[in-house]
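Below is one structure, written out as structure tokens; the observations come after it.
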Amino acid sequence: MSASSRALTPRQRQTDALLAVVIFVAGVISAALSAISEIYGDDQAPLWQALIYLAVVSAPLALRRVWPAPVAILVSVAYFVSVTLHLPEIYAGNIAVFIALYTVGAWMANRRAAMIVRVAIIVGMFAWLLITMYRDAIDAAREEDVIAGAMSPYLAFMLLNLLINVLYFAGAYFFGEHAWNSAMQRQALEQRTVDLEREREVTAAQAVALERVRIARELHDVVAHHVSVMGVQAGAARMVIDQDPAKSKEMLGGIETSAREAISELRHLLETLRSSDAEGDDAPSTVGLADIESLVEASDAAGLPTRFTVVGDERPVPSVVQVNLYRIAQESLTNARRHAGPAATADVRLRYTDDDVELEVVNTGRRLLAPRPGMGQLGMRERALASGGTIESAPREQGGWRVRAQIPLTSPALTGASA
């Protein structure tokens with residue numbers, strides 16, 4: 001199994017193979033020139049041994065990102081043997097060792113193992129370097145019959161070699177570590193981008209679902225109210241058309257008015273859906289608290305005697321709250337006409353206080369134990385919660401039903417809606 005945590009692409013494999021070929025070719029040229037220049041003097045090994053060494057030190061680089069640690073160890077050992085045996089090539093080997101150490105830091109997924117491998121190679125190289133420098137210094141001093149003092153040229157040359165090796169290994173370690181950290185940051189950024197894209201898709205799907213719910217609620221409020229009114233008026237007109245034609249004509253006029261209002265509200269709803277988001281937010285509906293009185297009059301004309309009362313001084317109310325309260329009143333009166341019975345009455349109260357606005361719709365009639373589940377009750381509750389308020393919907397002990405919605409006018413949700 002590869003020690004790397006990142007899968008290699010075919011291009012990366014081709015790049016590593018090309019790198020191995022380049023190191024080998026450059027090493028052959030370097031070995032030929034080094035042999036001609038007799039870089040090690042009389043102790044120099046034959047050229048054919050240098051060619052074998054170059055094959056050993058360059059071929060593993062083709063797999064450096066697949067097995068970083070074994071490649072680094074093999075290349076380092078080959079370089080150590082080469083310098084020890086005085087093979088006429090040092091430059092390509094130096095480059096190969098640097099690349100191998102860099103790869104361990106940049107590609108090994110096990111960071112502890114990567115640190116141990118690099119530290120072991122560096123410590124081993126420095127130990128071998130110090131021993132070699134000490135041995136060469138003793139030999140040089142013995143040959144010249146002098147002691148290599150603190151200011152001798154030979155010691156200065158050895159210290160320069162030591163400094164170069166420190167920079168060499170420190171650079172390989174640092175750049176490998178930096179490459180790993182950069183790769184992890186890119187991977188985290190890519191993952192974050194994927195997560196954000198997925199979150200955006202989920203948010204978009206939720207927005208679509210919420211919009212569908214809102215459209216269904218609006219359609220329910222508009223259609224249920226007006227159709228129920230038209231149904232009641234049509235039934236009453238059918239019953240009195242022979243005895244009182246004038247009254248039946250009045251009821252038919254009410255049906256016509258309700259139909260026109262329904263068509264008008266449906267048209268406005270469709271225009272809102274076709275408009276941009278900004279336009280839709282600015283004008284979600286044309287109805288408001290001032291239209292509750294007309295709603296009460298239509299309910300009264302439909303056969304449910306309804307009274308409307310405003311308590312307190314009127315105050316500015318955000319348009320969204322006005323629409324929601326109007327729809328709650330509309331749904332409450334629609335339910336009263338459906339379930340309260342023929343002798344029922346209704347009372348709509350709109351109260352203004354210093355901190356909130358309250359809508360209460362009470363009707364008499366049949367005694368119900370629980371509301372029938374449906375879009376109406378759910379829609380009223382959603383509208384109240386969306387405005388930052390509360391709603392109570394429960395049967396009355398003496399019969400009928402009571403709906404009470406209270407919306408605070410200072411909540412953050414209303415401040416944002418008003419803005």
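Each value in this text was obtained by applying a stated rule to the coordinates, not by laboratory testing. Values in this document were obtained by computation on a predicted structure and should not be read as measured data. Reconstructed Cβ throughout: ideal geometry from the backbone, glycine too, with neighbour counts over all protein chains shown.
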What FRET efficiency comes out for the pair residue 244/residue 264, r = Cβ-Cβ distance, R0 = 25 Å, nearest 0.05? 0.25
Round to the nearest 0.05 the FRET efficiency obtained for residue 182 and residue 29 when R0 = 22 Å and r is the Cβ-Cβ distance. 0.10
³J(HN,Hα), Karplus 6.51/-1.76/1.60, whole Hz, each residue of the stretch 248-253, x for Gly, Pro: 5, 5, 5, 5, 5, x
Determine ³J(HN,Hα), in whole Hz, for all residues of the stretch 203-209 in sequence, where each value follows from phi through the Karplus function 6.51 cos²θ - 1.76 cosθ + 1.60 and θ = phi - 60°; x replaces Gly and Pro. 4, 5, 5, 5, 5, 5, 5
The ³J(HN,Hα) series, computed from each phi in the stretch 51-65 with the Karplus coefficients 6.51, -1.76 and 1.60 at θ = phi - 60°, rounded to the nearest Hz and given as x for glycine or proline, is 5, 4, 4, 5, 5, 5, 7, 9, 4, x, 5, 5, 10, 5, 8
Mind putting a number on the dipole of the stretch 298-351 about its Cα centre? Charges go on the C-beta only, +1 for Lys and Arg and -1 for Asp and Glu, and I need it in Debye to the nearest 20. 120
Counting only residues 5 or more apart in sequence or on a different chain, those whose built amide H sits under 5 Å from that of residue 356 are 409
